[in-house]
Amino acid sequence: MRTSNRLTIAILAVVSLAACETPPMTEDEKMSGSSATLEKSETMTGTGAEESEAMAKAPTEMRITTEEQFRELIVGKTLVMKYGHGMSHADGTLTGMYRLKGNRKGELTGNWAWEGEYYCRSGMLGEDELPWDCLVVIVKGKNVTFIRGEGTGQKTTHKIESE
């Protein structure tokens, strides 16, 4: 009978621990790089050192807020996604090739500039005009995400390839 009770208690403990998940980061925490979630996670699970080590190995998310950061991390590198690839060049131009609706190929041509904390661009994608838009840029590991409308619009994620 005692073995049965111990087994029941062990199962309940495992189930209880599994229910204690780390809460997802808010958009503000993601954008600011807040460490509040890490502190909550260590407190909740009680495995601080192991979790810290695992998180240190995971790619960190960083919002690019200066032209210098953008030039260092993105300019001159091919950005690849499922539907094509593009590049922001040091001279302020854009080039690339993307698959459009109906499996048509569309050449990307345009210009970019850095304004305040935003990557801004305009151009043509095939026959479609890309109006001037300023985007939030977030890098996480080998991925870069662009968020249109100064961070309020559509997100597009590319893999950063070498030069």
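Brief remarks on what is shown
- Selection of the stretch 128-150 for residues being in contact with a Lys or Arg (Cβ under 9 Å, 6 or more places away or on another chain), over 20 Å from GLY76 (Cβ atoms) and not aromatic (Phe, Trp, Tyr) yields LEU130, ASP133, CYS134, VAL136, ILE147, ARG148.
- The residues of the stretch 93-122 that are under 17 Å from VAL137 (Cβ atoms) and touching an Asp or Glu at 6+ places or on another chain (Cβ under 8 Å), listed by number, are GLY96, TRP114, TYR118, CYS120, ARG121, SER122.
- Of the strands (runs of 3 or more DSSP E) lying entirely inside the stretch 108-162, those containing at least 3 residues that are assigned by TED's automatic domain parsing to the domain that holds MET97 and buried (at least 17 other Cβ atoms within 10 Å of the Cβ) are 118-125, 128-140, 143-147.
The values are calculated or read from the model by the stated rules, or taken from the named source; none is laboratory data. Source: prediction; values computed, not measured. All Cβ positions, glycine included, derive from the backbone under ideal geometry; neighbour counts span all protein chains shown.
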